[in-house]
1. Do any strands (runs of 3 or more DSSP E) lying entirely in the range 84-182 carry at least 1 residues that are at pLDDT 95 or above, in contact with a His (Cβ under 6 Å, 6 or more places away or on another chain) and not small (Gly, Ala, Ser), and which ones are they?
2. With the condition kept exactly as written, say whether any residue in the range 49-62 is of a type in the set (Asp, Glu) and closer than 20 Å to GLU117 by Cα.
3. Name the residue that is farthest from VAL17 (Cα to Cα), counting only residues in the range 73-101 that are out of contact with any helix residue (DSSP H, G or I) (no Cβ under 9 Å at 6 or more places or on another chain) and of a type in the set (S, T, N, Q).
4. Which count do you get for residues in the range 55-83 that are over 18 Å from the mean Cα position of the chain (by Cα) and modelled with pLDDT of 95 or more?
5. If I filter the range 147-157 for residues that are closer than 27 Å to ILE170 by Cα, touching a Gly at 6+ places or on another chain (Cβ under 8 Å) and among the hydroxyl-bearing types (Ser, Thr, Tyr), do I get at least one hit?
6. If we only count strands (runs of 3 or more DSSP E) wholly inside the range 1-50, which ones have 3 or more residues that are touching a Gly at 6+ places or on another chain (Cβ under 9 Å) and either of a type in the set (Ser, Thr, Tyr) or farther than 23 Å from VAL141 by Cβ (or both)?
7. Within the set of pairs 6+ apart or on separate chains, which have a first residue in the range 55-76 that is in the same structural domain as SER34 (by TED's automatic domain parsing), a second that is basic (Lys, Arg), and C-beta atoms under 6 Å apart?
Amino acid sequence: MSRIGRMPVEIPAGVEVKLNGNSLTVKGPKGTLSADFHKNMKITQEGNTIVVTRPNDDKLNRSLHGLTRALIANMVTGVTKGFEKTLEIVGVGYRAQKQGKKLILNLGYSHPVEMEEPAGITIEVPQQDRIIVKGADKQLVGEVAAKIREKRPPEPYKGKGIKYAGEVIIRKEGKAGAKGKK
């Protein structure tokens, strides 16, 4: 039995859950999230908990069991606490700034890179070299952070670029062939 799948998801106070078959809508202080789950999974609400059960031990059902429960738990966490990803910008002259709903990045290109803030996501720039992506949907927060990082991923020689906070960049050594030649 799935260790994650069999744990019930607690619904905190202030969160409203609507269950319609395998469609789930979770409404809380940070927003509303909804998702459709696989027809094999049986989702039931018992008081202030949500329980996910599977019909049998087929490989597909076993893999969906823990996944479904984790997705529901992320929805509940997202509408109560929210999710955030922090990005750091490393490099001389590289910086970020916010103008209204636009994120403007100067990353060493001949032009500034502009990105629109998607619906349901808040982008903050507390410092020129730090970007914080916040939102209720965990997948969307990660996707937006990855798209920002994609604009200038960190390079292995000097580590310049946009990286996640806490990400370790494996550095390479530079050229060493020109030492003994004259």
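1. Fully inside the range 84-182 and qualifying: nothing.
2. Narrowing the range 49-62 to residues of a type in the set (Asp, Glu): 57-58.
Those still in the list that are closer than 20 Å to GLU117 by Cα too: none.
No, the range 49-62 has no match at all.
3. Here the answer is GLN97.
4. Number satisfying all stated conditions: 0.
5. yes
6. Values: elements: 16-20, 23-28, 31-36, 42-46.
Qualifying strands (runs of 3 or more DSSP E): none found.
7. Close Cβ pairs satisfying both conditions: ASN61/ARG54; HIS65/ARG54; ASN74/LYS138.
To keep it simple, each residue is scored yes or no on (1) loosely packed, with under 13 Cβ neighbours inside 10 Å; (2) under 30 Å from THR25 (Cβ atoms); (3) in contact (Cβ under 8 Å) with a residue 12 or more places away in the chain; (4) not β-branched (Val, Ile, Thr).
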| site | (1), (2), (3), (4) |
| --- | --- |
| ILE89 | no, no, yes, no |
| ASN106 | no, no, yes, yes |
| MET115 | no, yes, yes, yes |
| PRO118 | no, yes, yes, yes |
| ILE121 | no, yes, yes, no |
| VAL125 | no, no, yes, no |
| GLY142 | no, yes, yes, yes |
| ALA146 | no, yes, no, yes |
| ARG149 | no, no, yes, yes |
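The values are calculated or read from the model by the stated rules, or taken from the named source; none is laboratory data. What you are looking at is a predicted structure, and each value in this text was computed from that prediction instead of being measured. FYI the Cβ positions are ideal-geometry reconstructions off the backbone, even for glycines, and counts take in every protein chain you see.
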